[in-house]
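Report on the structure given below.
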Amino acid sequence: MTTGVRRRMGVEERREQLIGVALELFARRSPDEVSIDEIASAAGISRPLVYHYFPGKLSLYEAALKRAAGDLASRFEEPHEGSLGGRLLRVMRRFFDFVDEHGPGFSALMRGGPAVGSSATNALIDSVRQVAYQQILSHLRVTDPPARLELLIRSWISLAESTALIWLDGRRIPRAELESQLVHDFAALAAVGAAYDEEMTALLRHMLKDEPHDGPFTDLAARLISLAS
């Protein structure tokens, strides 16, 4: 008869395990509601051993946030295939997948939590926003964005964040509707910018030229036309 022997983890393996456990707990409750004792129990180790790998909950939270930030940033990566409206819609679906999976942690991060306000945390949040910004520029095939375009993209990213937070508070609007609405918001902001700027006009025409008849941007135009009839 053989007896099961618990394998001893290496330092990095244990750190990764603790980060994963913390993320699972933070996905269900706000990080400031999760204790080191809970993390230790879920990981199957003692409280002092957690402190052996992380100086405190803040450092563990920041490490978990770093992993989550990388995951969130990857949701904005999209192949340059098909219409822009279709690409943005797929990005929004993956973005809301993340928000759905990590609701309390996402909310705590954006609204204020134990690590919010630290330079490391703020840098991580900004890095995700910058990845999203650069990804959208690449899909628009723009390397030197004019001021109105930068305003449009950064405003839209902030709108996506605030929309997700409001949705988490009761989920009163169907998620799929919000995903489509945010794509429509992007087109609407681009149209407003085009009313003031020739560069934005050219960009809007480029956005719309490959839009299929059943695409998100065409759907927005049809909805607006129906309001005027």
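The values are calculated or read from the model by the stated rules, or taken from the named source; none is laboratory data. Keep in mind that this is a model prediction, so the values were computed, not measured. With ideal geometry, Cβ positions are generated from the backbone for all residues, glycine too; neighbour counts draw on all protein chains shown. The accessibility values were calculated without ligands, DNA or RNA, using every heavy atom of the protein model including side chains. Shrake-Rupley method; radii C 1.70, N 1.55, O 1.52, S 1.80 Å.
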Practice item. Give me the distance in nm between label points sitting 7 Å out from Cα along the Cα-to-Cβ direction at MET110 and SER59, one decimal. Key: 3.1 nm
Review point. When the accessible area of the chain is computed with all protein chains present and a 1.4 Å probe, what percentage of it is carbon and sulfur?
Key: 54 percent
Study note, to complete from the structure: Mean-square fluctuation maximum in Gaussian network of the chain, Cα pairs under 10 Å, restricted to ALA108, ALA160, ALA195, hits ALA195
Revision key, fill the gap. Relative contact order as a percentage, the chain, C-alpha pairs under 8 Å and 6+ apart, gives 21 percent
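Could you work out the Rg to Rh ratio of region 19-143, with Rh taken as the Kirkwood radius (inverse of the mean 1/r over all Cα pairs)? Display every interim value, and only then the final one.
Working: Rg = 16.6 Å, Rh = 15.7 Å.
Rounded to two decimals, Rg over Rh is 1.06.
So, R0 is 45 Å and r is the distance between the beta-carbons of ALA42 and GLU77; what FRET efficiency does that work out to, to 0.05? Could the numbers behind the result be given before it?
Values: r = 31 Å, r/R0 = 0.68.
That pair, ALA42 with GLU77, gives E of 0.90.
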Study note, to complete from the structure: Taking 0.36 nm per residue of separation between ALA228 and THR143 and subtracting their Cα-Cα distance, the length gained on full extension comes to 26.9 nm
Check your understanding: When the Debye formula is applied to the Cα atoms of region 1-87, each taken as the same point scatterer, what base-10 log of I(q)/I(0) results at q = 0.16, 0.21, 0.24 Å⁻¹?
Key -> -0.68, -0.96, -1.18
**Study point:** Linear extension gain, ASP32 paired with ARG154, 0.36 nm per residue minus alpha-carbon span
**Key:** 41.0 nm
Practice item. Return the single residue from GLU12, GLU24, GLU101 with maximal mean-square fluctuation; model: Gaussian network over the chain, springs between Cα atoms under 10 Å. Key: GLU12
Practice item. Starting from the Cα coordinates of the chain, work out the convex hull volume and express it per residue in Å³. Key: 177 Å³
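Just to confirm, what accessible area per residue do you get for the chain at 1.4 Å probe, in whole Å²?
Using a 1.4 Å probe on heavy atoms only, each residue of the chain averages 55 Å².
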